[in-house]
1. Could you please let me know if Ala185 is in a helix (DSSP H, G or I), open to solvent by 10 Å² or more (accessible area, probe 1.4 Å), free of Cβ contacts under 8 Å to residues at least 40 places away in the same chain and aliphatic (A, V, I, L, M)?
2. Looking at segment 52-73 only, could you name the residues that are among the polar types (S, T, N, Q) and closer than 22 Å to Trp403 by Cβ?
3. For segment 43-73, name all the residues that are closer than 22 Å to Arg149 by Cβ and surrounded by fewer than 23 Cβ atoms within 10 Å (Cβ to Cβ).
4. Run down Phe371, Phe416 and say which single residue is crowded, with 20+ Cβ neighbours inside 10 Å, closer than 16 Å to Pro446 by Cβ and modelled with pLDDT under 85.
5. From the residues in segment 77-102 that are of a type outside the set (Gly, Ala, Ser), touching a helix residue (DSSP H, G or I) at 6+ places or on another chain (Cβ under 9 Å) and over 17 Å from Gly112 (Cα atoms), which one is most open to solvent (accessible area, probe 1.4 Å)?
6. Which members of segment 273-332 meet the condition of being hydroxyl-bearing (Ser, Thr, Tyr) and part of a loop (DSSP other than H, G, I, E, B)?
7. Where residues in segment 353-368 are assigned to a strand (DSSP E or B) and modelled with pLDDT of 75 or more, which of them is farthest from Thr438 (Cα to Cα)?
Amino acid sequence: MSLLRRSRSLLLASAVAAVVVSSGVALIGTAQAATTLGASAAQTGRYYGAAIAAGRLGDATYTGILNREFNSVTAENEMKWDATEPSQGRFTYTNGDRILNQGIAMGAKVRGHALLWHQQEPGWAQSMSGTALRNAMMNHVTQVATHYRGRIHSWDVVNEAFADGGSGGRRDSNLQRTGNDWIEAAFRAARAADPAAKLCYNDYNTDGINAKSTGIYNMVRDFKARGVPIDCVGFQSHLGTTISGDYQANLQRFADLGVDVQITELDVAQGGNQANIYATVTRACMAVSRCTGITVWGIRDSDSWRTGENPLLFDNSGNKKAAYTSVLNALNAGGPSSPGPSSPSPSVSTSPQPGGACSASVSLNSWNGGFVATVRVTAGSSGVNGWTVGVNLPAGSAVTSTWSAGNSGTTGTVNFRNVSYNGRLAAGGATEFGFQGTGAGPTVSPSCAAA
């Protein structure tokens with residue numbers, strides 16, 4: 001999605017039925033209930049993120065909410081093709097890096113959006129076709145993913161490549177006209193450029209089981225069967241005053257293919273049902289173990305691309321709306337913990353080991369000379385209010401960057417401690433942090449101790 005106005009319709013209410021949702025939400029014990037969106041999502045190993053704009057990072061109210069509430073960020077426009085390669089072969093990452101650095105400073109995950117999209121192509125690419133365009137596309141994917149290698153949690157590799165309507169087929173675009181294998185080629189190029197990032201397909205009007213979502217489902221099923229590296233599917237969920245009754249079932253059928261699912265661009269038109277729809281989406285994600293997180297497309301209503309619809313969780317002044325409370329309650333009500341990293345086929349996965357009131361396990365994605373480790377921290381039967389994880393690195397290895405944790409030391413035994421939003425875990429709850437390093441990754445189980 002873009003802050004730029006689109007010509008296409010959202011089809012917000014097509015073939016969906018209004019859902020009446022009970023306002024009662026079960027809460028976990030008051031002593032364990034988190035008080036911010038990111039912290040509450042982290043209790044089950046998920047994230048709750050926001051799409052942000054580099055130009056708004058000087059707004060104190062905006063950044064105050066961002067830093068307090070969210071544990072994931074997505075660049076609204078700053079990592080798209082027109083922003084990162086305005087002229088062919090000349091790459092510009094200034095504003096994309098601002099988004100990245102904001103996420104790193106917060107200890108948050110960073111989602112990359114988007115490597116290839118038929119809209120917001122630079123002018124030079126719009127005039128290309130055939131082999132020349134295909135080569136330019138693949139070079140763009142390779143260069144941008146390489147620039148951010150090891151620092152992006154998930155990439156929307158391809159955005160909105162399927163047509164609206166009842167065909168379930170591909171959208172006609174200059175990208176599609178380079179050959180029907182262009183999506184597969186893009187995913188393979190992204191995997192080669194950044195073996196640590198999860199690779200997602202992202203689209204809109206796919207919130208229920210319909211022709212468009214089924215077309216995407218069939219593509220994902222085919223990719224998984226043939227070994228094409230796809231790890232996740234993003235559901236934009238730009239919703240009106242209703243939500244499809246099979247929203248959760250649709251998420252689950254994709255998860256059953258062996259991919260993660262993510263709500264990537266959530267916003268809901270203002271109305272009497274806004275809080276209930278936000279809660280319904282949140283509960284659906286919490287009920288699907290492979291739904292790893294939710295991103296709202298903006299922070300305050302005044303930041304939204306949907307002018308006049310007031311579709312976000314904070315009003316123009318930054319005050320929490322009723323929809324915020326409904327989301328927080330749904331997150332704190334809990335659900336199945338999201339799984340550890342499912343991609344890209346971790347080369348090492350160690351089993352959890354006891355350590356005080358918590359345990360930790362690590363999954364590795366390695367390449368020649370480097371690695372990314374994702375560590376999952378799980379609370380014991382009594383819950384924890386903070387944790388420290390010890391990781392032993394082989395001789396010659398070193399930590400070069402860390403997210404969602406702080407670290408003491410970079411070689412030998414490195415101790416990682418929680419950051420503000422993910423230290424408090426309910427009994428059995430889980431969260432994740434990660435780090436990148438040079439050399440070989442850890443080969444023995446990490447230790448975990450509760451603070």
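1. Details: in a helix (DSSP H, G or I): yes; open to solvent by 10 Å² or more (accessible area, probe 1.4 Å): yes; free of Cβ contacts under 8 Å to residues at least 40 places away in the same chain: no; aliphatic (A, V, I, L, M): yes.
Considered against the rule, which asks whether it is in a helix (DSSP H, G or I), open to solvent by 10 Å² or more (accessible area, probe 1.4 Å), free of Cβ contacts under 8 Å to residues at least 40 places away in the same chain and aliphatic (A, V, I, L, M), Ala185 comes out as no.
2. Filtering segment 52-73 for residues among the polar types (S, T, N, Q) gives 61, 63, 67, 71-72.
Residues satisfying the conditions are Thr63, Asn67, Asn71, Ser72.
3. The one that is closer than 22 Å to Arg149 by Cβ and surrounded by fewer than 23 Cβ atoms within 10 Å (Cβ to Cβ): Ala54.
4. Values: Phe416 fails: modelled with pLDDT under 85.
It is Phe371.
5. So the residue we want is Gln88.
6. If we filter segment 273-332 for residues that are hydroxyl-bearing (Ser, Thr, Tyr), which is where we start, we get 278, 280, 282, 289, 292, 295, 302, 304, 307, 317, 324-326.
Once the filter is applied, which keeps residues that are hydroxyl-bearing (Ser, Thr, Tyr) and part of a loop (DSSP other than H, G, I, E, B), segment 273-332 yields Ser289, Ser304, Thr307, Ser317.
7. Only one residue tops the list, namely Cys358.
To keep it simple, each residue is scored yes or no on (1) at pLDDT 95 or above; (2) surrounded by 22 or more Cβ atoms within 10 Å (Cβ to Cβ); (3) of a type in the set (D, E, K, R).
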{"site": "Ala75", "(1), (2), (3)": "yes, yes, no"}
{"site": "Gly112", "(1), (2), (3)": "yes, yes, no"}
{"site": "Pro122", "(1), (2), (3)": "yes, no, no"}
{"site": "Thr131", "(1), (2), (3)": "yes, no, no"}
{"site": "Asp156", "(1), (2), (3)": "yes, yes, yes"}
{"site": "Gly168", "(1), (2), (3)": "no, no, no"}
{"site": "Asn174", "(1), (2), (3)": "yes, no, no"}
{"site": "Arg177", "(1), (2), (3)": "yes, no, yes"}
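The values are calculated or read from the model by the stated rules, or taken from the named source; none is laboratory data. What you see is a predicted model, and the numbers here were worked out from it, not measured in a lab. Please note: Cβ atoms are built from the backbone with ideal geometry, for glycine as well, and neighbour counts cover all protein chains shown. Side chains included, ligands, DNA and RNA excluded: accessible areas come from the protein's heavy atoms. Shrake-Rupley method; radii C 1.70, N 1.55, O 1.52, S 1.80 Å.
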